[in-house]
Amino acid sequence: MHKSFLKLSIVLAALSVVLGAFGAHSLKEVLDDKHLQIFETGVKYQFYHALGMMMVSFIYKEYSNKYTLWCCRLFLIGILLFSGSLYVLAAFNGLYSFIGIITPFGGVSFIAGWALLYKGISG
């Protein structure tokens with residue numbers, strides 16, 4: 001498990017740098033400040049949780065259990081739901097604002113992932 005999530009976390013971290021640069025250089029001229037900030041929030045949380053997945057990939061060697069496994073899964077789900085929905089909201093200038101209902105589910109996935117990591121290393 002740890003190697004596949006490690007590789008995925010590296011790709012997600014690199015992608016967040018690409019998206020961040022894209023936002024700073026290309027979207028800055030297209031989006032208003034509000035939607036640019038929404039986009040940047042998605043990038044930040046993607047990067048934080050990609051690093052979290054990377055960390056958990058190494059922790060999994062010592063604490064290989066279902067909790068640490070699900071931690072990585074929930075981080076991935078959170079990135080897709082939280083960051084993904086923010087990218088859609090920003091890219092379409094709020095045109096598809098109903099997508100915003102998905103964002104909190106991604107946030108809950110992040111929180112649950114951290115809680116499971118705690119449970120996984122506590123034994």
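The values are calculated or read from the model by the stated rules, or taken from the named source; none is laboratory data. All values reported here derive from a predicted model rather than from experimental measurement. Cβ: placed from backbone, ideal geometry, glycine included. Neighbour counts: every protein chain shown. The protein model used for the area step is the full one, side chains on, heavy atoms only, and it has no ligands, DNA or RNA in it. Shrake-Rupley method; radii C 1.70, N 1.55, O 1.52, S 1.80 Å.
Within the range 19-44, restricting attention to residues that are open to solvent by 90 Å² or more (accessible area, probe 1.4 Å) and assigned to a helix (DSSP H, G or I), the residue that is modelled with the highest pLDDT is 44.
Restricting attention to the range 53-102, the residues that are of a type in the set (A, V, I, L, M, F, W, C), in contact (Cβ under 8 Å) with a residue 12 or more places away in the chain and under 20 Å from residue 10 (Cα atoms) add up to 17. Pairing residues of the range 11-32 that are among the hydroxyl-bearing types (Ser, Thr, Tyr) with residues that are assigned to a helix (DSSP H, G or I) and at pLDDT 90 or above, at Cβ distances under 7 Å and at least 6 apart in sequence or on separate chains, gives 16/43; 16/46; 16/47; 16/50.
Screening residue 60 on (1) modelled with pLDDT of 90 or more; (2) exposed (fewer than 12 other Cβ atoms within 10 Å of the Cβ) shows it passes everything except condition (2).
Quick grid of which residues meet (1) at pLDDT 95 or above; (2) assigned to a helix (DSSP H, G or I):
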position	(1), (2)
46	yes, yes
53	yes, yes
72	yes, yes
78	yes, yes
85	yes, yes
93	no, no
98	no, yes
114	yes, yes
117	yes, yes
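Does residue 10 satisfy the condition of being within 30 Å of residue 123 (Cα to Cα) and among the β-branched types (Val, Ile, Thr)? Yes: the conditions hold for residue 10. Candidates are the residues of the range 1-48 that are touching a helix residue (DSSP H, G or I) at 6+ places or on another chain (Cβ under 6 Å) and of a type in the set (Gly, Ala, Ser); the one that is nearest to residue 110 (Cα to Cα) is 42.
Of all residues in the range 63-78, those being among the β-branched types (Val, Ile, Thr) and open to solvent by less than 50 Å² (accessible area, probe 1.4 Å) number 1.
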